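K.L.:
Quick one: this structure, given as structure tokens, is what I'll be asking you about.
The values are calculated or read from the model by the stated rules, or taken from the named source; none is laboratory data. Quick caveat: nothing in here was measured; it's all calculated off a predicted structure. Neighbour counts are summed over all protein chains in view; Cβ atoms, including those assigned to glycine, are modelled from backbone coordinates with ideal geometry.
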Protein chains: 4
Amino acid sequence: MSQFTEYPKAAEIEASAWINTAKPLSLAQMRGTVVVIHVFQMLCPGCVLHGIPQTQLIRQTFSEKQVKVLGLHSVFEHHSVMNIDALRAFSAEYRITFPIAIDAPSTSGHIPKTMQRYGLQGTPTLILIDKLGRLRLQHYGKIADMQVAKLISELVGEQQDELQLETATTTLDSEKDTQCTDTGCQL
Amino acid sequence: MSQFTEYPKAAEIEASAWINTAKPLSLAQMRGTVVVIHVFQMLCPGCVLHGIPQTQLIRQTFSEKQVKVLGLHSVFEHHSVMNIDALRAFSAEYRITFPIAIDAPSTSGHIPKTMQRYGLQGTPTLILIDKLGRLRLQHYGKIADMQVAKLISELVGEQQDELQLETATTTLDSEKDTQCTDTGCQL
Amino acid sequence: MSQFTEYPKAAEIEASAWINTAKPLSLAQMRGTVVVIHVFQMLCPGCVLHGIPQTQLIRQTFSEKQVKVLGLHSVFEHHSVMNIDALRAFSAEYRITFPIAIDAPSTSGHIPKTMQRYGLQGTPTLILIDKLGRLRLQHYGKIADMQVAKLISELVGEQQDELQLETATTTLDSEKDTQCTDTGCQL
Amino acid sequence: MSQFTEYPKAAEIEASAWINTAKPLSLAQMRGTVVVIHVFQMLCPGCVLHGIPQTQLIRQTFSEKQVKVLGLHSVFEHHSVMNIDALRAFSAEYRITFPIAIDAPSTSGHIPKTMQRYGLQGTPTLILIDKLGRLRLQHYGKIADMQVAKLISELVGEQQDELQLETATTTLDSEKDTQCTDTGCQL
């Protein structure tokens, strides 16, 4: 029984563009480090009030060498006004330094491609990927700093050459809602 | 010596458009009630994190009959992405119900017209206008809920037919900064 | 129909001792000013985390001339350890400057005398008394700064020689609980 | 060069009594697990507002098997009122479940014995001890949840049979003060 049966491989990010990075990035090239992805929309209150500040704190707390921090701007509503220029202004005003991928628009619907691949419920969502590129957490809504730091630290501590079977992929769902709340914006 | 010497008449809002109201509003038509204006930009972190929630709380705490609450979207940076469509989406996502005026762009510079008339320092700014249409507070940056409620209540309690000479117009300046901080975005 | 039928006269404080004041105080001698009483126990988490900081903010926001602020230490549990020496140490550590009355112990039960007179539900309770010595608010549990400041300001604005019939005495009850919670400690 | 030269052995707790435990505990018996000690005084505002809630969150976030959480009540002022009965009432009101040691009073001064052994600056102080019983963090004042969880997780991830030379013992000092502030109470 392989570890890949236990934990699914994290789907690659399909971005139409990137900001805060000189060239496009890929999860594939980050193999060997832990990856934190904050999936957000710049007009989602739960993202702006909680998710973005927490992601900035993650960036400050963990070393760049051990933990890659990425934003993923996955717009599923108000597409016309949450464009790349608006995102650049948002990133500048909020002093975001980590790279942000713009989730590639779907050719057939309003949900962008990476969001579809992961089957995300909405924004904000926190995604944790281990050194072997496996999806270890996909959490929609608020999550405590202490819990996040514990999970990231555990992934950092894992040895690549060991099988990691004891920690289960966790998806903690928040309450259902069809609109944006303080928690987030749900599909 | 007239009261109008003591307290300056609040300049009229010059709006290019309004949202959350069926027709354009004016300060002139609000004479007889206290008016609270929250001057903001939708991409200003201090506005989103503090000013907007506080303004919503003001709206919930005071009666519509006694206190008019308005937003004034005074964009002085990133004009192209903070347009009316983006503002409509922002207002919807943040569940803002009070009317918002879009400050009319200047023909000669990046500072919009109402902002110029008031000589504002930046966003967020809280403006309080008394029943006689006089400017009673113009505060840039954060201000405590308790202080705001005290000031508004005092204006509500004033009799229109009395001269109101005892309370001074207050402008509390925050520290100087040429960029957006947690406090706000300064000119 | 007199106003005294509308609003009950606030019962006098029966204190076994006072701290932070050179001599014992009485509500009777405060007639003509608004009085704010924060009823607390020094080991009540809701009092320490919310009530005490809010009361200190009230003291800072309103003038001593217009608003008297008092603490009332109404112990109904753990009597032996919440004695006057402990309270003095607590007051010093939390840098409380307003006078605190120690509610006189009952001769027949664990609920102190002033607490009984007011029929309080527990701690923290906020009591507001108007210039005529009438009880205008008795609120158990948390209450927002903006709401408190509005209520106090309205009482400050009232003319002593006018009848004050429009504002109802409000008792906002929190959820029932037989223990201390984040909200407070209930009888 | 031994690891014991790198990291000092954590001094044993000298307690006059314990609460929330059937029998006295010792650091010696906790060898093999990470130990978190929150040093506090029940009348220290910084402890009550920040330290105690954070310690309770640590207890909820980490497993009892991997991380032992202890309180250490180190009284260096107001000794008479911060006695064991008061502490029991405090612990009950704040719903503290972890064991609390009462630091043994000094025979010669006001600073209790364990506090002296560790050379603590005041309260609150967070102490982290690794599986080998070595002192790895001694932090006076506030510290962010994310930072604390990262440090604890790193200690949990360490193998007992490996030498742990890379992480330095950290003492982060807050600003000097001779009184209790929001940060804590300093010696």
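K.L.:
Mind checking which pairs have a first residue in the stretch A:5-19 that is hydroxyl-bearing (Ser, Thr, Tyr) and a second that is assigned to a strand (DSSP E or B), Cβ under 7 Å, 6 or more apart or different chains?
P.N.:
Between residues of the stretch A:5-19 that are hydroxyl-bearing (Ser, Thr, Tyr) and residues that are assigned to a strand (DSSP E or B), the close pairs are A:Tyr7/A:Arg134; A:Tyr7/A:Leu135; A:Tyr7/A:Arg136; A:Ser16/A:Ile102.
K.L.:
Also: Checking the structure you have, find out if any residue of the stretch C:30-43 is surrounded by 19 or more Cβ atoms within 10 Å (Cβ to Cβ), in contact with a Leu (Cβ under 7 Å, 6 or more places away or on another chain) and within 14 Å of chain D (Cβ to nearest Cβ).
P.N.:
yes
K.L.:
Are any of the residues in the stretch A:164-187 at pLDDT 75 or above and closer than 18 Å to D:Ala149 by Cα?
P.N.:
No, the conditions are met nowhere in the stretch A:164-187.
K.L.:
Also, I was wondering about something else. Could you please let me know if B:Arg136 is among the charged types (D, E, K, R) and surrounded by 20 or more Cβ atoms within 10 Å (Cβ to Cβ)?
P.N.:
Working: among the charged types (D, E, K, R): yes; surrounded by 20 or more Cβ atoms within 10 Å (Cβ to Cβ): yes.
Yes: the conditions hold for B:Arg136.
K.L.:
Can you spot a residue in the stretch D:2-19 that is within 14 Å of the chain's Cα centre (by Cα), within 14 Å of chain C (Cβ to nearest Cβ) and modelled with pLDDT of 95 or more?
P.N.:
Checking the stretch D:2-19: not a single residue is within 14 Å of the chain's Cα centre (by Cα), within 14 Å of chain C (Cβ to nearest Cβ) and modelled with pLDDT of 95 or more.
K.L.:
Same structure again: Mind listing whichever residues of the stretch C:68-92 are among the acidic types (Asp, Glu) and surrounded by fewer than 17 Cβ atoms within 10 Å (Cβ to Cβ)?
P.N.:
The initial filter retains those residues of the stretch C:68-92 that are among the acidic types (Asp, Glu), namely C:77, C:85.
Once the filter is applied, which keeps residues that are among the acidic types (Asp, Glu) and surrounded by fewer than 17 Cβ atoms within 10 Å (Cβ to Cβ), the stretch C:68-92 yields only C:Asp85.
K.L.:
Just to be sure I understand, how many residues within the stretch C:102-141 are out of contact with any helix residue (DSSP H, G or I) (no Cβ under 9 Å at 6 or more places or on another chain), free of Cβ contacts under 8 Å to residues at least 60 places away in the same chain and closer than 21 Å to C:Asp182 by Cα?
P.N.:
1
K.L.:
Scanning for something small (Gly, Ala, Ser), buried (at least 19 other Cβ atoms within 10 Å of the Cβ) and either at pLDDT 95 or above or more than 25 Å from D:Leu87 (Cα to Cα) (or both), does the stretch C:52-67 turn up at least one residue? It would help to see each step written out before you state the result.
P.N.:
Taking the stretch C:52-67 as the starting set, the residues that turn out to be small (Gly, Ala, Ser) are C:63.
Pick out the ones that are also buried (at least 19 other Cβ atoms within 10 Å of the Cβ) and you get none.
Taking every residue of the stretch C:52-67 in turn, none turns out to be small (Gly, Ala, Ser), buried (at least 19 other Cβ atoms within 10 Å of the Cβ) and either at pLDDT 95 or above or more than 25 Å from D:Leu87 (Cα to Cα) (or both).
K.L.:
Does A:Val48 fit the bill of being modelled with pLDDT of 95 or more, β-branched (Val, Ile, Thr), touching a helix residue (DSSP H, G or I) at 6+ places or on another chain (Cβ under 8 Å) and closer than 24 Å to B:Ile84 by Cβ?
P.N.:
When the stated conditions are applied, A:Val48 passes them.
K.L.:
When the residues of the stretch A:142-162 are filtered to those that are among the charged types (D, E, K, R) and in contact (Cβ under 8 Å) with a residue 12 or more places away in the chain, which remaining residue is nearest to the other protein chains (Cβ to nearest Cβ)?
P.N.:
From the stretch A:142-162, those among the charged types (D, E, K, R) are A:142, A:145, A:150, A:154, A:158, A:161-162; that's our starting set.
With in contact (Cβ under 8 Å) with a residue 12 or more places away in the chain added as a condition, the list becomes A:142, A:145, A:154, A:158.
Working: A:Lys142: 13, A:Asp145: 4, A:Glu154: 6, A:Glu158: 8 Å.
Checking each candidate, the answer is A:Asp145.
K.L.:
Only one of these conditions is not met by C:Lys142: (1) under 30 Å from B:Val67 (Cα atoms); (2) buried (at least 18 other Cβ atoms within 10 Å of the Cβ). Which number is it?
P.N.:
(2)
Listed here are the residues, each with its yes/no results for (1) under 16 Å from the mean Cα position of the chain (by Cα); (2) among the polar types (S, T, N, Q); (3) at pLDDT 95 or above.
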position	(1), (2), (3)
A:Val81	no, no, no
A:Arg95	no, no, yes
A:Ala101	yes, no, yes
A:Ala104	yes, no, yes
A:Ser108	no, yes, no
A:Arg117	yes, no, yes
A:Arg134	yes, no, yes
A:Leu137	yes, no, yes
A:Tyr140	yes, no, yes
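K.L.:
Do we have A:Ser26 as more than 14 Å from chain B (Cβ to nearest Cβ), among the small types (Gly, Ala, Ser), farther than 17 Å from A:Thr97 by Cβ and in contact with a strand residue (DSSP E or B) (Cβ under 6 Å, 6 or more places away or on another chain) here? It would help to see each step written out before you state the result.
P.N.:
On the way: more than 14 Å from chain B (Cβ to nearest Cβ): yes; among the small types (Gly, Ala, Ser): yes; farther than 17 Å from A:Thr97 by Cβ: yes; in contact with a strand residue (DSSP E or B) (Cβ under 6 Å, 6 or more places away or on another chain): no.
Spelling it out, it is not the case that A:Ser26 is more than 14 Å from chain B (Cβ to nearest Cβ), among the small types (Gly, Ala, Ser), farther than 17 Å from A:Thr97 by Cβ and in contact with a strand residue (DSSP E or B) (Cβ under 6 Å, 6 or more places away or on another chain).
K.L.:
For residues that are polar (S, T, N, Q) and assigned to a strand (DSSP E or B), scanning just the stretch A:106-142, find the one that is farthest from A:Gly157 (Cα to Cα). Steps first, answer last, please.
P.N.:
Narrowing the stretch A:106-142 to residues polar (S, T, N, Q): A:106-108, A:114, A:116, A:121, A:123, A:125, A:138.
Those left that are additionally assigned to a strand (DSSP E or B): A:123, A:125, A:138.
Numbers: A:Thr123: 28, A:Thr125: 23, A:Gln138: 19 Å.
Only one residue tops the list, namely A:Thr123.
K.L.:
Right, another one. Give, as residue ranges, the strands (runs of 3 or more DSSP E) completely inside the stretch A:1-104 that count at least 2 residues that are under 23 Å from A:Val156 (Cβ atoms). Walk me through how you get there before you give the answer.
P.N.:
On the way: elements: A:15-19, A:34-40, A:67-73, A:100-103.
In the stretch A:1-104, the matching strands (runs of 3 or more DSSP E) lie at A:34-40, A:67-73, A:100-103.
K.L.:
When the residues of the stretch D:93-108 are narrowed to those that are at the interface with chain C (Cβ under 9 Å from one of its Cβ atoms) and among the charged types (D, E, K, R), which ends up surrounded by the fewest Cβ atoms within 10 Å (Cβ to Cβ)? Steps first, answer last, please.
P.N.:
Of the residues in the stretch D:93-108, the ones at the interface with chain C (Cβ under 9 Å from one of its Cβ atoms) are D:93-95.
So of that shortlist, the ones also among the charged types (D, E, K, R) come out as D:93, D:95.
Numbers: D:Glu93: 22, D:Arg95: 12.
Taking the candidates together, the pick is D:Arg95.
K.L.:
Note down all Cβ pairs under 7 Å where the first residue falls in the stretch D:67-92 and is at the interface with chain C (Cβ under 10 Å from one of its Cβ atoms), the second is of a type in the set (Asp, Glu), and they're at least six residues apart or on different chains.
P.N.:
Between residues of the stretch D:67-92 that are at the interface with chain C (Cβ under 10 Å from one of its Cβ atoms) and residues that are of a type in the set (Asp, Glu), the close pairs are D:Ser80/C:Asp85; D:Val81/C:Asp85.
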